[in-house]
Amino acid sequence: MSMPIQVAIVEDDDHDRAILKDCLIRYAKDKDIHLNIREYTDGEDLVIGYSADYDLILMDIHMRFLNGMRAAGKIREVDQDVALIFITNLSQYAIEGYKVRAADYLIKPLNDFSFAECINRVLPQINRERRRDTITIPHNGGKMKLETDLIRFIEVQDHDIIFVTNKGRYISKGTMKDLEERLNPDQFCRCNRCYLVNLQYVDSYQGTNVTVAGDQIQVSRGRKKAFLDALNLYMNRHG
């Protein structure tokens, strides 16, 4: 059995929220898919301590404390992958949704036919994202999802863990030991006590330094053999 699709419903109107949940349940039964549904009554409730573990968010645009558009902007700062569907009374507001890469939108009042058509369009995107290898990290009081293939290297500075990625640098908390256990050991390897390198981004190795996506990192004497063995194995497998 496949893992359930994680869904968040964000709607401040009790009646509309119940309709939306019923549409989801009927769709899942019809398509024989499994959903885990969590309900929120405002965008603020979703954003505070956002866990970045949702596959799909269905969100009303007009809410009392933090509207759907502003909530989506905050979510996109830490989660680029989750599929966003906006619920609105007026189609003109849906245009704004594309600024935060909304996957689709639904116009109230909802009905099963339009709802099913919308989810049918978005489901392939959800399934693609679920196949990607990601890691969720603590970030700014919440959690952030990173695609592991985009991580160039990870660095420890004092008590901070710094993820250097193709999309920027992100500061988190944790330990290298925990990250080594969570990341693919065939792809990520320590070159010294403070650096964990994604081998796919290694440009060259010379002397005691390895160049990773343009950045030079020192390879310690104690880790040199294990690192070079891992690098040679990776290059043999991936060319």
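Structural remarks
- Per this entry, ILE19 is counted among residues that are under 19 Å from PHE113 (Cβ atoms), among the β-branched types (Val, Ile, Thr), assigned by TED's automatic domain parsing to the domain that holds LEU123 and modelled with pLDDT of 95 or more.
- Taken together, ALA18, ALA71, ALA28 contain a single residue that is buried (at least 19 other Cβ atoms within 10 Å of the Cβ) and either at positive phi or aliphatic (A, V, I, L, M) (or both), which is ALA71.
Listed here are the residues, each with its yes/no results for (1) at pLDDT below 90; (2) aliphatic (A, V, I, L, M); (3) over 30 Å from ILE135 (Cβ atoms).
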position: LYS29; (1), (2), (3): no, no, yes
position: TYR40; (1), (2), (3): no, no, no
position: GLY43; (1), (2), (3): no, no, no
position: TYR54; (1), (2), (3): no, no, no
position: GLY73; (1), (2), (3): no, no, no
position: GLY97; (1), (2), (3): yes, no, no
position: ARG101; (1), (2), (3): yes, no, no
position: PHE115; (1), (2), (3): no, no, yes
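- Looking only at the stretch 107-122, and only at residues there that are free of Cβ contacts under 8 Å to residues at least 24 places away in the same chain and either of a type in the set (A, V, I, L, M, F, W, C) or more than 27 Å from ILE25 (Cβ to Cβ) (or both), the one that is surrounded by the fewest Cβ atoms within 10 Å (Cβ to Cβ): PHE113
- Strands (runs of 3 or more DSSP E) contained in the stretch 123-239 and holding at least 1 residues free of Cβ contacts under 8 Å to residues at least 40 places away in the same chain and at negative phi: 134-139, 142-147, 151-157, 160-165, 168-172, 188-192, 202-206, 209-212, 215-218
- Considering residues of the stretch 187-239 that are of a type in the set (Val, Ile, Thr) and crowded, with 16+ Cβ neighbours inside 10 Å only, the residue nearest to the chain's Cα centre (by Cα): VAL197
- So HIS34, is it surrounded by fewer than 18 Cβ atoms within 10 Å (Cβ to Cβ), touching a residue at least 24 places away in the same chain (Cβ under 8 Å) and either of a type in the set (A, V, I, L, M) or closer than 18 Å to ASP104 by Cα (or both): no
- Residue in the stretch 154-171 that is among the basic types (Lys, Arg), more than 24 Å from GLY49 (Cβ to Cβ) and surrounded by 11 or more Cβ atoms within 10 Å (Cβ to Cβ) present: no
Rundown of residues vs (1) of a type outside the set (Asp, Glu); (2) outside the structural domain of THR88 (by TED's automatic domain parsing); (3) out of contact with any Phe, Trp or Tyr (no Cβ under 8 Å at 6 or more places or on another chain), yes/no style:
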| residue | (1), (2), (3) |
| --- | --- |
| ASN127 | yes, no, yes |
| GLY141 | yes, yes, yes |
| MET144 | yes, yes, no |
| ASP149 | no, yes, yes |
| PHE153 | yes, yes, no |
| ASP158 | no, yes, yes |
| LYS167 | yes, yes, yes |
| SER172 | yes, yes, no |
| GLU180 | no, yes, no |
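The values are calculated or read from the model by the stated rules, or taken from the named source; none is laboratory data. From a predicted model like this one, the values you see are computed outputs, not experimental measurements. Counting neighbours? That spans all protein chains shown, and the Cβs are built from the backbone with ideal geometry, glycine included.
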